[in-house]
Amino acid sequence: MNKNDSAIVRPGKMGTGSIPCWCLTALFLASFSGVIWANEEEPKAERPHPERVATAVRVGSMPVKLDGVLDDEVWQRTPIATGFTQREPDEGKPVTQETAFQVAYDDEALYVGITCYDSHPDSIVAMLTRRDDWEERDWVELQLNPHHDHQTGYWLLVGPSGSIMDGIIYNDDWFDDTWDGVWEVETAIHDRGWSAEYRIPYHVLRFAEQEEYVWGINILRRLVRREEESQWVHVPKGENGWVSYFGHLEGIRGITPPAHFEAIPFGLGRATLGEDDDLFGSVGVDVRYGLTPNISLNATVNPDFGQVEADPAVLNLSVFETHFRERRPFFLEGQSIFNSPGPDIVGIGGPAQLFYSRRVGKRPGRLGLPDYSEEIERPDATTILGAAKVSGKTAGKMSFGLLQAVTANEHAIIEETSVDPVSGEERTARRDFRVEPWTSYLVGRMEQDIQTHSKVGATVTAVNGDGFSSSYVGSVDGTLKWKDNAYRIFTRLSGSSAGTDDGRDEGYEAVAYFSKFSGNFGGQVYVDARSPGFQVNDLGFMNRADRIQAGWHFMAQIHNPWALARRSGFNLNGWKQWNYDGVVLAQGVNFNTWQKLLNYWHVNFGVNRVLGAKNDLETRGGPVMKSPAGIDYWYGFSSDDRKGVSFWFDGNGDRVDGGDSYSRRFGGGIALRPASNVRFEIGPSYSTTKAFAQWVDNVDDDGDDEDDHFVFGQLKNRVLDLTLRGEVAFSTKLTLQGYVQSFVASGDYREFKELERPNSYAFAPYDYQGDNPDFDNRSLRGNLVLRWEYQPGSTIFLVWSQARSFSVDNPLDPDFRPFRGVRRSLTDDGDNIFLVKCNYWLGL
């Protein structure tokens, strides 16, 4: 999440003609050499704002009593920092309610006391939520940069009720909320407003030992009833950067960063009740050890890598894989170091994602089934035997991370058919068959800061399986920023090698990008070339190889209120994509806009004009076919989400020229807050699609292993997705959350036809004799989670989850009755899973 990014931007991509390889190489080398050259210059202070300084005072003989009242002895003699400035709604003006803070320290922790003055304390909005739940409420946020590298930091947020959020900052202005530190804060509401008292142990903050420390610091406050956000150090809207604006925290001396060790043993019990009842129990331990003050080791023995909330059901009829977000805590925590950087706005598909952690522990299936066999059952996930990661930042401002994971052999139950050589009778037998080999996954990433804002980096990944092919990827990248981060050049060159000793695919990807984003106007141009042999999907994610794309983007923003809105953004994009044979795969232009209205509602809409092109994948290995021109569009609005009742509506669709194919989706929802600790949300969506030519099958008539007919059909499909969420917070430590998704989909194929000739969108009638491709699916997925953090870092989970499904792949007459489908999904066959997990944090 970029703190300055509020635009709703649909990426645009455009170019004309082909781009020679020598041009890509020259552009990459020129950009990368610019980054190296920048390292030889003396750092220059570019920020125009005056430097602000806060001074910390050592705690005396009287320890701090953490209660949020700020009446301890140390607070009576600690300098008070004030002078906050509005960022919203009236940027640069004095605040309507003053904020003050103080900083103290001892040998073990940093203490920060913040007083939020409020002339109307009865109007303080104090929502009670579970940890890391974003909710419209008053809050303060402490941001620290212990490395004082102007690039990284921690953010620790608390509301008047004591509900907290936390995370890390990287790349100067990118925020990650997956990090959970073990720190403490208490709050108090009083007649002067409210206050927060932090205690942050040094083991939470990585930093190198020095005689005297200078850290970066900033404090933010939100006054929700006025939509006011204020800052101690003002970061202007429309400018790049965040941590590089921080003020200084001085006065800390005589402390030693600890070599911290923590262990989190856990016990797990799970009962599955359904068609096959199952009881399961295990114990394990997660270990975190500070190898140095700046470098930590995380390891896990006999881990539980399950995710509490299941992936949502989706309908995917395309040739491309569905991308799901990571939900498992081990892979979420500290993931930012493993994210190879890329353009803020990318083209069709964007640069390849070199590390996609969902590959580790995925559903097994690397090894194909033998001939004349049928799969009866296979595990839903591969068992992860263990994993470890090392990450940190050296005194020389080099960040690095190394992650290793090992997964087990997995077997499916298959049924094989054979013919008795004597009697000629057909026989079947079931047996276990290995479908996933023992596999090692490795990813490493390093980044070297150059000057204040620029960096060079490298990424490597390796996948090695027992009796399976290996895969290796290497990448180098560079980012050069100047003029207060307004201008940016990014380049990345990646190479891959995947396969077996009998044959390997090798390829490359080259990305070059130039942008200017600051003030009211900005834009970018970029090119991304991926060769036919490039392969990262064993541990990364990309939709396809063999493509070159280029594009441009122009942006205009209005940051302050005007006649119609409080903030506005307008974007114009263009793109073009083609393969290495020169076949144009996509091209078009786009306009979109977003508006934050005067009444705090949000509106956005956009439209693509998609020009005619060709598709080299739709026939699944067959000839290239044409893609007709058309229009894509989307829109949405949402009401003021500070209210007790808020709602939203959105939709999207497309229509090809001539009108023989179209799709439409309508969605919306309503959020209810009947009390400060209760939230309910319902979000339905409905979509319908008519596709004139949806791929069905390839048919080989003469048995020569060459497809003779590429069969398509007219498809009409409809989908209803109904999602409900609810949360009750009994305290900041005890919460109950619920989630339910009912998904109903049907598809009816008619008028079968075959592609008449390559490079066309012409079809001839075809008498298809294959299996009926119609489908009628529904599913119900949900869970109920009681979470109790009974002491800092220690948690008990009680979980009930349910998964029901019904599927018919060839119904005689697909009958889409959405509400009947939702009702029937409540009684379909499925599993009930009851889980208890307890962990205990031990810090040494």
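What residue, of V785, V728, is within 30 Å of L128 (Cα to Cα), in contact with a strand residue (DSSP E or B) (Cβ under 6 Å, 6 or more places away or on another chain) and at pLDDT 95 or above? Don't jump to the end; show me each part of the working.
Working: V785 fails: at pLDDT 95 or above.
None of the other options fit; the residue is V728.
Considering only residues that are buried (at least 18 other Cβ atoms within 10 Å of the Cβ), in contact with a Phe, Trp or Tyr (Cβ under 8 Å, 6 or more places away or on another chain) and not charged (D, E, K, R), which ones fall in segment 606-621?
Within segment 606-621, G606, N608, T619 qualify.
Where residues in segment 416-441 are touching a residue at least 40 places away in the same chain (Cβ under 8 Å) and farther than 17 Å from P379 by Cβ, which of them is surrounded by the most Cβ atoms within 10 Å (Cβ to Cβ)?
Y441
Scan segment 246-260 for residues that are in a strand (DSSP E or B) and either in contact with a Gly (Cβ under 6 Å, 6 or more places away or on another chain) or surrounded by 15 or more Cβ atoms within 10 Å (Cβ to Cβ) (or both) and jot them down.
Result: G247, H248, L249, E250, G251, I252.
Going by the structure shown, is V645 of a type in the set (V, I, T), without any contact (Cβ under 8 Å) to a residue 40 or more places away in the chain, surrounded by fewer than 15 Cβ atoms within 10 Å (Cβ to Cβ) and on the phi < 0 side of the Ramachandran plot?
yes
List the number of the failed condition for E227; all other conditions in (1) modelled with pLDDT under 90; (2) touching a Pro at 6+ places or on another chain (Cβ under 8 Å) hold.
With (1) modelled with pLDDT under 90; (2) touching a Pro at 6+ places or on another chain (Cβ under 8 Å) applied to E227, the lone miss is (1).
Among G83, G113, which is the only one that is part of a strand (DSSP E or B) and either at pLDDT below 95 or in the same structural domain as N218 (by TED's automatic domain parsing) (or both)?
When all the criteria are applied, what remains is G113.
Which condition number does L844 fail, the rest of (1) within 36 Å of the chain's Cα centre (by Cα); (2) modelled with pLDDT under 90; (3) over 30 Å from V287 (Cα atoms); (4) not aromatic (F, W, Y) being met?
(3)
List every residue pair whose Cβ atoms lie under 6 Å apart, where the two residues are 6 or more positions apart in sequence or sit on different chains, the first residue falls within segment 546-568 and is within 15 Å of H602 (Cα to Cα), and the second residue, located anywhere, is of a type in the set (V, I, T).
S568/I558
So, in segment 731-761, how many residues would count as being of a type in the set (F, W, Y) and either over 21 Å from R824 (Cβ atoms) or modelled with pLDDT of 95 or more (or both)?
Final tally of qualifying residues: 3.
Out of segment 772-791, which residues are part of a strand (DSSP E or B) and under 23 Å from D660 (Cα atoms)?
Selection gives F775 alone.
With the requirement that a residue be on the phi > 0 side of the Ramachandran plot and surrounded by fewer than 17 Cβ atoms within 10 Å (Cβ to Cβ), what does segment 219-245 give you?
Start the filter on segment 219-245 by keeping residues that are on the phi > 0 side of the Ramachandran plot, which leaves 227, 238, 241.
Within segment 219-245, just E227 meets the criteria.
What residue, of R492, R547, is surrounded by 22 or more Cβ atoms within 10 Å (Cβ to Cβ) and either over 24 Å from the mean Cα position of the chain (by Cα) or farther than 28 Å from L585 by Cβ (or both)?
Only one candidate passes the filter, namely R547.
If you go through segment 476-512 one residue at a time, how many are in a loop (DSSP other than H, G, I, E, B) and of a type outside the set (A, V, I, L, M)?
Residues meeting the conditions: 5.
Applying the selection to segment 161-216, what residues are hydrophobic (A, V, I, L, M, F, W, C), assigned to a loop (DSSP other than H, G, I, E, B) and under 19 Å from L249 (Cβ atoms)?
The answer is W183, L205, F207, A208.
Take V473 and decide whether it is crowded, with 18+ Cβ neighbours inside 10 Å, in contact (Cβ under 8 Å) with a residue 12 or more places away in the chain, of a type outside the set (S, T, N, Q) and in a strand (DSSP E or B).
yes
Given the residues D107, D149, which is the only one that is surrounded by fewer than 21 Cβ atoms within 10 Å (Cβ to Cβ), of a type outside the set (A, V, I, L, M), in contact (Cβ under 8 Å) with a residue 60 or more places away in the chain and in contact with a Lys or Arg (Cβ under 6 Å, 6 or more places away or on another chain)?
Sole residue among the options that is surrounded by fewer than 21 Cβ atoms within 10 Å (Cβ to Cβ), of a type outside the set (A, V, I, L, M), in contact (Cβ under 8 Å) with a residue 60 or more places away in the chain and in contact with a Lys or Arg (Cβ under 6 Å, 6 or more places away or on another chain): D149.
Just the residues that are in a strand (DSSP E or B), of a type in the set (G, A, S) and either at positive phi or surrounded by 14 or more Cβ atoms within 10 Å (Cβ to Cβ) (or both), please, taken from segment 726-771.
Of everything in segment 726-771, those that are in a strand (DSSP E or B), of a type in the set (G, A, S) and either at positive phi or surrounded by 14 or more Cβ atoms within 10 Å (Cβ to Cβ) (or both) turn out to be G726, A729, G738, S742, A745, S746, G747.
Look at T129 and say whether it is among the β-branched types (V, I, T) and modelled with pLDDT under 95.
yes
The values are calculated or read from the model by the stated rules, or taken from the named source; none is laboratory data. Predicted, not measured: the structure shown is a model, and the values here were computed from it. Virtual Cβ from ideal backbone geometry, glycine too; neighbours counted across all protein chains shown.
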